[in-house]
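Written below as structure tokens is the structure these notes are about.
The values are calculated or read from the model by the stated rules, or taken from the named source; none is laboratory data. Since the structure is predicted, the reported quantities are computational estimates derived from the model, not experimental observations. Ideal geometry is used to build each Cβ from the backbone, glycine not excepted, and the neighbour counts take in all protein chains shown.
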């Protein structure tokens, strides 16, 4: 199994630009999670989906952030417009059911100049 | 709501020393408990887990026992190696959450010196 796939692995952009992060979960997993990790704030859950439906987006920091899951094999996290404080590592994880392991992707390191 | 509190770091040990990282939790249901490890530049990966009281999870020489009476899941290893240097996260997943959402601790950074 290929595991959770994220792209790009690194993204450098300028303030005000739109950024789109992509995630392909493990086949057969029906839950998908987006996290952000920084030194200051640690690991934060932004949003999660179950069967392609957003369940809880209370962790999304601002309206500049949006996430979609158009099908079971693909999700995007978009930041528009981006700001320097959005610089972080963004992880996607997938899982199956309550009480089960989450499988993390390698992350996307975002730098907003 | 659910919460996880783990030992503050960073923790620095010499090779072959004994490791304990404390973790306690608060949960409304009967959660599964996990330890994840994050090596530099990588995502989190499962180290071990336990799904019910008194279960012991183990992997790569690490162990943790699910203690319901003390709501704890402390991570231990008898003899650490330099390659164990990483960030360790304690987590729980409540079986009332159908989507498998987990609550993570803040992470403890372990550095093992030769």
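Tabulated values for the structure
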{"quantity": "Residue match in the stretch A:86-99 (condition: more than 14 Å from the chain's Cα centre (by Cα), surrounded by 15 or more Cβ atoms within 10 Å (Cβ to Cβ) and without any contact (Cβ under 8 Å) to a residue 24 or more places away in the chain)", "calculated": "yes"}
{"quantity": "Extreme residue, modelled with the lowest pLDDT, among residues of the stretch B:44-73 that are in contact with a strand residue (DSSP E or B) (Cβ under 6 Å, 6 or more places away or on another chain), in a loop (DSSP other than H, G, I, E, B) and within 18 Å of residue B:103 (Cβ to Cβ)", "calculated": "B:51"}
{"quantity": "Residue match in the stretch A:35-42 (condition: part of a loop (DSSP other than H, G, I, E, B), within 14 Å of another protein chain (Cβ to nearest Cβ) and under 30 Å from residue B:30 (Cα atoms))", "calculated": "yes"}
{"quantity": "Odd one out for residue A:2 among (1) within 27 Å of residue B:87 (Cβ to Cβ); (2) assigned to a strand (DSSP E or B)", "calculated": "(2)"}
{"quantity": "Entirely in the stretch A:66-113, the strands (runs of 3 or more DSSP E) that have 2 or more residues that are within 14 Å of chain B (Cβ to nearest Cβ) and under 23 Å from residue A:51 (Cα atoms)", "calculated": "A:88-95"}
{"quantity": "Top-ranked residue in the stretch B:30-42 [being surrounded by fewer than 21 Cβ atoms within 10 Å (Cβ to Cβ) and within 9 Å of chain A (Cβ to nearest Cβ); ranked as modelled with the highest pLDDT]", "calculated": "B:42"}
{"quantity": "Leading residue by the ranking (nearest to the other protein chains (Cβ to nearest Cβ)) among those in the stretch A:43-63 that are assigned to a loop (DSSP other than H, G, I, E, B) and farther than 18 Å from residue A:85 by Cα", "calculated": "A:51"}
{"quantity": "Leading residue by the ranking (farthest from residue B:44 (Cα to Cα)) among those in the stretch A:4-31 that are at pLDDT below 95 and within 12 Å of chain B (Cβ to nearest Cβ)", "calculated": "A:30"}
{"quantity": "Within the stretch B:74-114, tally of residues that are in contact with a helix residue (DSSP H, G or I) (Cβ under 6 Å, 6 or more places away or on another chain) and assigned to a loop (DSSP other than H, G, I, E, B)", "calculated": "1"}
{"quantity": "Residue in the stretch B:33-42 that is closer than 25 Å to residue A:90 by Cα, assigned to a loop (DSSP other than H, G, I, E, B), in contact with a strand residue (DSSP E or B) (Cβ under 7 Å, 6 or more places away or on another chain) and without any contact (Cβ under 8 Å) to a residue 24 or more places away in the chain present", "calculated": "no"}
